[in-house]
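One structure below.
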Amino acid sequence: MRIKPKKSLGQNFLTDKNIQKKIIRACGLTNEDIVLEIGAGYGGFSAQLAPCLKKLYALEIDWRLYPDLEKNLSAYNNCKIIKSDILKFEITGFLQEEKIKQKIKVIGNIPYYISSPIIEHLINYRNNIGEVFMTVQKEFGRRVCAVPGSKEYGSFSCFAQYYARCRVLFEINKRCFNPVPKVDSSFLSLKFREKPAVNVGDETLFFKLIRAAFNQRRKTLRNSLEGLLDRQELERVLDSAGINRNVRPEDLSLEQLANLSNSLKSLQLSVH
Ligand code: SAH
């Protein structure tokens, strides 16, 4: 690699060959798979991926890396480089142009500061994607997969788990990257569900409620939702959803949050 890595683009290249192999094994890839790799970089990892697949789309934003990426992939005739920003990349349209009907897999060692926008973006295209594999900051991986009652559980856990089964597959030592980042990483998998984890009548209301509930997580649910509803109404809703009035938001399962938002809806209460 001839260029100077850019911090602003989260350029920490995964250079450890053993970890590259471990990742490929963990993704359970076959020669039927079509993969979109996000942030392919100079193609060190992409070149290991390509021979395991039917097709590899290697997406990268930094033009300085294109010559090396092209060179590293030139030996394989099943690769295509996409010069784009993942957050602006319209996946459904692209797959239609490419005449691809099967669900793809997405794999990426991506900049950590855009982990959540990338997940949000990919969720919009969940009908086209079977599974997502990403290296993420260790703490972020824990938050995505957190269960109710744990200190990492929050609105992003609910959001991700509503759409996907989320798992941390293993941890990755920071020395596997070059340059070595400050933080340790995890390898995360998000397997999109055929339908969301719980039945929700009004998703906008559901997510609004979740954001409000976790906004002030040390408070009881009753107190943190005070801004949304007046107290009496709130007590009615909690009772009708079968939720203890003194419960803390971080103790609520997705199911309970769904009950709560569905009760709000059925009692036709409007939230502020
Ligand atoms: N996967 C490669 C590179 C990892 S570094 C490897 O492991 O070796 C992260 C890569 O993501 C960098 O190449 C960076 O330029 C790219 N990147 C950063 N922001 C991006 C964005 N919005 N869209 C696509 N690629 C991005």
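The values are calculated or read from the model by the stated rules, or taken from the named source; none is laboratory data. As the structure is a computational prediction, the values presented were derived from the model and not from experiment. Reconstructed Cβ throughout: ideal geometry from the backbone, glycine too, with neighbour counts over all protein chains shown. Surface areas here come from the heavy atoms of the whole protein model, side chains and all, with no ligands, DNA or RNA. Shrake-Rupley method; radii C 1.70, N 1.55, O 1.52, S 1.80 Å.
Summary of values
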quantity: Leading residue by the ranking (farthest from the ligand (Cβ to nearest atom)) among those in the stretch 123-132 that are free of Cβ contacts under 8 Å to residues at least 40 places away in the same chain and open to solvent by less than 40 Å² (accessible area, probe 1.4 Å); calculated: 128
quantity: So residue 239, is it of a type in the set (Asp, Glu) and open to solvent by 80 Å² or more (accessible area, probe 1.4 Å); calculated: yes
quantity: Those strands (runs of 3 or more DSSP E) lying entirely in the stretch 44-114 with at least 3 residues of a type outside the set (Ser, Thr, Tyr) and surrounded by fewer than 21 Cβ atoms within 10 Å (Cβ to Cβ); calculated: 79-83
quantity: Which numbered condition residue 233 fails, given (1) surrounded by 15 or more Cβ atoms within 10 Å (Cβ to Cβ); (2) within 30 Å of residue 104 (Cα to Cα); calculated: (2)
quantity: Subset of the stretch 35-76 (residues that are of a type in the set (A, V, I, L, M) and out of contact with any Asp or Glu (no Cβ under 9 Å at 6 or more places or on another chain)); calculated: 35, 36, 47, 50, 65, 73, 75
quantity: Scan of the stretch 117-148 for residues that are among the hydrophobic types (A, V, I, L, M, F, W, C) and not in a helix (DSSP H, G or I), ordered by number; calculated: 129, 132, 133, 134, 136, 146, 147
quantity: Matching entry among 93, 28, 43 (being on the phi > 0 side of the Ramachandran plot, away from the ligand (no atom under 14 Å from the Cβ) and without any contact (Cβ under 8 Å) to a residue 40 or more places away in the chain); calculated: 28
quantity: Single condition residue 10 does not satisfy, out of (1) within 10 Å of the ligand (Cβ to nearest atom); (2) closer than 14 Å to residue 135 by Cα; (3) open to solvent by 60 Å² or more (accessible area, probe 1.4 Å); calculated: (3)
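Quick grid of which residues meet (1) of a type in the set (Asp, Glu); (2) farther than 22 Å from residue 254 by Cα; (3) more than 15 Å from the ligand (Cβ to nearest atom):
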position	(1), (2), (3)
112	no, yes, no
116	no, no, no
121	no, no, no
134	no, yes, no
143	no, no, yes
146	no, no, yes
152	yes, no, yes
